[in-house]
Amino acid sequence: MWLVSKATLVMSNIPGPKTALIFNGKKSESFGALIPGLGDLAFGISAISHADTITMGVQSDLTYVKYPKELRALIEANYDASFKE
């Protein structure tokens, strides 16, 4: 727990399956993961690939991020812009 109390941001990039997973005979459309919110962790970003997609999860403590919708819009705009170039 000592290390967690010293961190303010954790980033994880987990390579997921290269093909869609099948559950109960149905093909999965998406897959997601979140960073465990341990201790006083202020912010966490996770990214996981699944087939031909990537899903990002962002979590934060409202004490540190007052306007989470604005943060989401900023991340989405920059993510989309990076693929247009």
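No lab work stands behind these numbers, since they all come straight from the coordinates. Quick caveat, the model's predicted, so the values are computed rather than measured.
Shape verdict for the range 45-85, please, from the Cα gyration tensor: rounded (a/c under 1.5), prolate (a/b greater than b/c) or oblate. Oblate. The length gained on full extension between LYS69 and LEU34, counted as 0.36 nm times the residue separation minus their Cα-Cα distance, comes to 10.8 nm.
Annotation: extensible slack from GLU76 through ALA20 equals 17.8 nm (criterion: 0.36 nm per residue apart, minus Cα-Cα distance).
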